[in-house]
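The values are calculated or read from the model by the stated rules, or taken from the named source; none is laboratory data. Fair warning: this is a prediction, and the values are worked out from it, not measured in the lab. Here Cβ is always computed from backbone atoms with ideal geometry, including for glycine, and neighbour counts include all displayed protein chains. Surface accessibility is based on the protein's heavy atoms, side chains included, excluding ligands, DNA and RNA. Shrake-Rupley method; radii C 1.70, N 1.55, O 1.52, S 1.80 Å.
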Amino acid sequence: MTPFSQLLTGLVFTPGRNAKLTLLQRYFDAAPDPDRGWALAAVCGALDLRAARPSLIRGLVEERVDPVLFRLSYDYVGDLAETVSLIWPTAREADAPPPSLSQVIEALRGAGRSEMAPLLAGLFDRLPAEERFALVKLATGGLRVGVSARLAKTALSQWAASRGVPAPVEAIEELWHGLEAPYEDLFAWLSGAAPEPPAVDLSLAFRPMMLAHPIDQGLYAAEELRENQESESETLRRLEARLAPAAFAAEWKWDGIRVQAVATAEAARLYSRTGEEVSGAFPDLAETLRAPGCLDGELLVIRDGVVRPFAELQRRLGRKTVSAKLLREAPAWIRAYDLLQDGEEDLRGAPFSVRRARLEQWIARHRPERIARHARVLAVLGFVVANLCALVGSLFGDYVGETIW
């Protein structure tokens, strides 16, 4: 548990991206299996634990220290994990060796609702302050140490490269949803102990997003500075002169969130642009996706043919379950931009013009219920411009309109 708690403390107090990557790689080097796999799952938000309610932990502390003192301390510190780690009384079993991260995870996973309180109290007694901090973070399910899942996978990729194993972060992301913590097969491959990546079913896997990139580098030479004084007409002339508009296609950037929908004949999954599965919050949409393929698009709420404001979509984001009332009031749709896979055929190596044509054919062939191609709109945030011969697109512009067909 000590190395993991030191990792969390280091990540909390290290602001720089590269420094966080270094901390993660050092941990992967030093920690044994399965500890490093459990740590990776915790950092990526992929750890499946019965979360302890903060109220339960507050109640445990108030049994050991003066409740008024604890509340005043909590108000001053502002973080439950830090407050508990510092105010918990001297460990009653200080001579007992601290448990490993794996032992703590196994205990938390096996604890029933009535067993959680005595388990946590016993662990608090055995652990010093820094480890108590890590335990509260684990038990409540919110690390918040400034590391995204993408950053952790980038650290994995760099760690593998330092060992002579070529493992692009895109390859790790594609495998990710077919793997389970503590990822011993993954670490075996990345460390060079296994010659091949883990064999997993990728039929419902997340495909790394073909994300947009700013086009400023194509518009402005290195010695030029973009200034607000440039008029729209001057910018349009610059576009025509330097970007060959006929080679590009434009797509409205709708007021939703970017998602990827992956489906087989039996099941479907929805992923955010970072690869987080969000299917649970949108069962109405997932249930209608049964045509094999992988779509890239914008997740929207569309009611009576009208795209609703983002606030209505926000009501559904982050939920594990959705009420029938909310399903009726805020029906989910996808405004499709791109087709990354058609059945078992991977289209990601094809130019955008080919993928877009295949998308139109795919929609005409399968006619999915909740995939929109045209809708009235209340507001558009911008527009996406994709090079017809390229694999990715670009995002720029700022537009608010009323009706677009």
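Can Ala134 be described as hydrophobic (A, V, I, L, M, F, W, C), open to solvent by 50 Å² or more (accessible area, probe 1.4 Å) and modelled with pLDDT of 90 or more? Step through it out loud before you land on a result.
Working: hydrophobic (A, V, I, L, M, F, W, C): yes; open to solvent by 50 Å² or more (accessible area, probe 1.4 Å): no; modelled with pLDDT of 90 or more: yes.
For Ala134, the condition - hydrophobic (A, V, I, L, M, F, W, C), open to solvent by 50 Å² or more (accessible area, probe 1.4 Å) and modelled with pLDDT of 90 or more - is not met.
Keeping to the range 287-308, report how many residues are among the acidic types (Asp, Glu), open to solvent by 10 Å² or more (accessible area, probe 1.4 Å) and more than 23 Å from Lys325 (Cα to Cα). Show your work before the answer.
Within the range 287-308, the first condition is being among the acidic types (Asp, Glu), and the residues that meet it are 287, 296, 298, 304.
Checking which are open to solvent by 10 Å² or more (accessible area, probe 1.4 Å) leaves us with 287, 304.
Going one step further and asking which of them are more than 23 Å from Lys325 (Cα to Cα), we end up with none.
The total comes to 0.
For the range 121-138, name all the residues that are among the aliphatic types (A, V, I, L, M) and within 15 Å of Ala39 (Cβ to Cβ). I'd like the intermediate steps shown before the answer.
From the range 121-138, those among the aliphatic types (A, V, I, L, M) are 121, 123, 127, 129, 134-136, 138; that's our starting set.
Hits for the range 121-138 are Ala134, Leu135, Leu138.
For the range 11-32, does any single residue satisfy the condition of being open to solvent by 70 Å² or more (accessible area, probe 1.4 Å), over 27 Å from the mean Cα position of the chain (by Cα) and not hydroxyl-bearing (Ser, Thr, Tyr)?
Going through the range 11-32, the residues open to solvent by 70 Å² or more (accessible area, probe 1.4 Å) turn out to be 13, 15, 17-18, 26, 29-30, 32.
Subset that is over 27 Å from the mean Cα position of the chain (by Cα): none.
The answer is no; no qualifying residue exists.
Of everything in the range 173-199, what is part of a loop (DSSP other than H, G, I, E, B) and open to solvent by less than 40 Å² (accessible area, probe 1.4 Å)? Give them in sequence order.
Here is the first cut: in the range 173-199, the ones part of a loop (DSSP other than H, G, I, E, B) are 177-183, 191-199.
Of everything in the range 173-199, those that are part of a loop (DSSP other than H, G, I, E, B) and open to solvent by less than 40 Å² (accessible area, probe 1.4 Å) turn out to be Gly178, Leu179, Ala181, Pro182, Tyr183, Ser191, Ala194, Pro198.
Hey, can you tell me all the residues within the range 14-32 that are among the aromatic types (Phe, Trp, Tyr) and at pLDDT below 90? Lay out the reasoning, then the answer.
Taking the range 14-32 first, the residues among the aromatic types (Phe, Trp, Tyr) are 27-28.
Answer for the range 14-32, where residues must be among the aromatic types (Phe, Trp, Tyr) and at pLDDT below 90: there is none.
Which of (1) within 24 Å of Ala155 (Cα to Cα); (2) assigned to a helix (DSSP H, G or I); (3) in contact (Cβ under 8 Å) with a residue 12 or more places away in the chain is the odd one out, the single condition Leu60 does not satisfy?
(1)
Within the range 252-266, track down each residue that is small (Gly, Ala, Ser) and at pLDDT 90 or above.
Let us first name the residues in the range 252-266 that are small (Gly, Ala, Ser), namely 256, 261, 263, 265.
Scanning the range 252-266 gives Gly256, Ala261, Ala263.
Which one of these does Ala152 not meet: (1) among the hydrophobic types (A, V, I, L, M, F, W, C); (2) out of contact with any Phe, Trp or Tyr (no Cβ under 9 Å at 6 or more places or on another chain); (3) at pLDDT below 75; (4) open to solvent by less than 30 Å² (accessible area, probe 1.4 Å)?
(3)
Among the residues of the range 112-150, which ones are among the charged types (D, E, K, R) and touching an Asp or Glu at 6+ places or on another chain (Cβ under 7 Å)?
Step one: list which residues in the range 112-150 are among the charged types (D, E, K, R), which gives 113, 115, 125-126, 130-132, 137, 144, 150.
Listed by number, the residues that qualify are Asp125, Arg126.
Only residues that are open to solvent by 60 Å² or more (accessible area, probe 1.4 Å) and at pLDDT below 90: list them for the range 33-50, please. Give the steps one after another, and end with the answer.
The initial filter retains those residues of the range 33-50 that are open to solvent by 60 Å² or more (accessible area, probe 1.4 Å), namely 33, 45, 48, 50.
Within the range 33-50, Gly45, Asp48, Arg50 qualify.
State yes or no: is Asp95 open to solvent by 70 Å² or more (accessible area, probe 1.4 Å), of a type in the set (D, E, K, R) and at pLDDT 90 or above? Can you show your working first?
Details: open to solvent by 70 Å² or more (accessible area, probe 1.4 Å): yes; of a type in the set (D, E, K, R): yes; at pLDDT 90 or above: no.
Spelling it out, it is not the case that Asp95 is open to solvent by 70 Å² or more (accessible area, probe 1.4 Å), of a type in the set (D, E, K, R) and at pLDDT 90 or above.
So Asp75 passes all but one of these: (1) closer than 30 Å to Ala161 by Cα; (2) modelled with pLDDT of 90 or more; (3) of a type in the set (Asp, Glu); (4) open to solvent by 60 Å² or more (accessible area, probe 1.4 Å). Which condition number does it fail?
Condition not satisfied by Asp75: (1).
Report yes if some residue within the range 322-330 is touching a helix residue (DSSP H, G or I) at 6+ places or on another chain (Cβ under 9 Å), touching a residue at least 60 places away in the same chain (Cβ under 8 Å) and open to solvent by 30 Å² or more (accessible area, probe 1.4 Å); otherwise report no.
No, the range 322-330 has no match at all.
Can we say Asp35 is among the acidic types (Asp, Glu) and in contact with a helix residue (DSSP H, G or I) (Cβ under 8 Å, 6 or more places away or on another chain)?
On the way: among the acidic types (Asp, Glu): yes; in contact with a helix residue (DSSP H, G or I) (Cβ under 8 Å, 6 or more places away or on another chain): yes.
Taking the combined requirement at face value, the residue satisfies it.
Please enumerate the residues belonging to the range 265-286 that are in contact with a Ser or Thr (Cβ under 6 Å, 6 or more places away or on another chain) and open to solvent by less than 20 Å² (accessible area, probe 1.4 Å). Don't jump to the end; show me each part of the working.
Our first condition is that a residue be in contact with a Ser or Thr (Cβ under 6 Å, 6 or more places away or on another chain); within the range 265-286, this holds for 269-270, 278, 286.
If the condition is that a residue be in contact with a Ser or Thr (Cβ under 6 Å, 6 or more places away or on another chain) and open to solvent by less than 20 Å² (accessible area, probe 1.4 Å), then Leu270, Ala286 are the ones that fit.
Given the residues Glu360, Glu369, which is the only one that is open to solvent by 50 Å² or more (accessible area, probe 1.4 Å), touching a Ser or Thr at 6+ places or on another chain (Cβ under 9 Å) and at pLDDT 55 or above? It would help to see each step written out before you state the result.
On the way: Glu360 fails: touching a Ser or Thr at 6+ places or on another chain (Cβ under 9 Å).
When all the criteria are applied, what remains is Glu369.
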